[in-house]
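The values are calculated or read from the model by the stated rules, or taken from the named source; none is laboratory data. Nothing here was measured: the structure is a model prediction, and the numbers come from that model. Cβ atoms come from the backbone with ideal geometry, glycine included; neighbour counts cover every protein chain shown. Please note that ligands, DNA and RNA were not included when accessible areas were found on the heavy atoms of the full protein model with its side chains. Shrake-Rupley method; radii C 1.70, N 1.55, O 1.52, S 1.80 Å.
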Amino acid sequence: MTFRTVITAFLTLFLCMSLAGGAFAASKAVNVKFPRGASGTSIDGTIRGSDGVRYLVDVAAGQTMSVQLDTDNPGNYFNITAPGASQALFIGSVSGNSSSFQIPSSGKYEINVYLMRNAARRNERANYELTIYVENAAAQARPQPRAAAPAAQAADAVSTDLMPRFCAGEASAKFGVRPQSITANAAFKSGNQYVSQGYFERDGSTTFFNCWFDLGGNFVSVN
């Protein structure tokens, strides 16, 4: 590993931590349960300073989860982290207080509600309403099938060490950005898939994305 690679990895981690901006040292965990027959719920809450709340939602692959945060404090955001992931797949301070995406792998997703670091240091308070909706949420009540066997490796499948390079190419095609301007991080296993997380700068703003691969190394999607 070259010195430049080490520095790039360090700066990438620092950037993600800075953008997340939340202080979760005092966060508490709350398991979210929808009312019987409902596909979503709204939760009223209050946080102050470095306090935060981690809402845990059990969802299945293929479902669509939508999250909306309404708050009286402009420094109040939420992040979403997939099971087993080391970095958030959605960062509210970058993308806003509303998200809707298809669940790539089954498991318990974390919705972290927090105050940005500057607001936390001022010991500000936020009163919020968090709305979570999961399309086809009734599927949660049904027995889950046994985990499928690892996907067969196709002719164009890639190994985990080559996934970041492949990811940069796919992101370049989707977002219209040169591959040289894209940073894609090492792939890691998340549920029954691999994910390579990356970002690029354009017009003074940072765009984050995720590239998903199945266990056989076949590219699935970038979002």
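If the cut-off is 27 Å between C-alpha atoms, which lysines fall inside it for K33, apart from same-chain ones fewer than 8 positions away?
By straight Cα distance, K33 reaches K108, K189.
Obtain the nm distance between the two label points defined at T131 and T206 by a simple spin-label model: each point lies 7 Å from its Cα along the Cα-to-C-beta direction.
That separation, rounded to one decimal, is 2.9 nm.
Tell me, what is the FRET efficiency for R122 and K33 to the nearest 0.05, using R0 = 45 angstrom and their Cβ-Cβ distance as r?
Between R122 and K33 the formula returns 0.85.
May I ask for the net charge around A88, where only other residues with Cβ less than 14 Å from the Cβ of A88 are counted and Lys, Arg are +1 while Asp, Glu are -1?
Charge balance in the 14 Å sphere: 0.
Over what distance in Å are the Cα centres of segment 49-120 and segment 161-175 separated?
A separation of 25 Å, based on Cα centres.
Ignoring everything but the protein chains, give the 1.4 Å probe accessible area of V94 in square angstrom, nearest 10.
50
Add +1 for every Lys or Arg and -1 for every Asp or Glu among the other residues with Cβ under 15 Å from the Cβ of I111, and state the total.
Surrounding charge for I111 is -1.
Using a cut-off of 11 Å between beta-carbons, work out the net charge of the residues near D44 (Lys and Arg +1, Asp and Glu -1, D44 not included).
Every neighbour counted, the sum reads -2.
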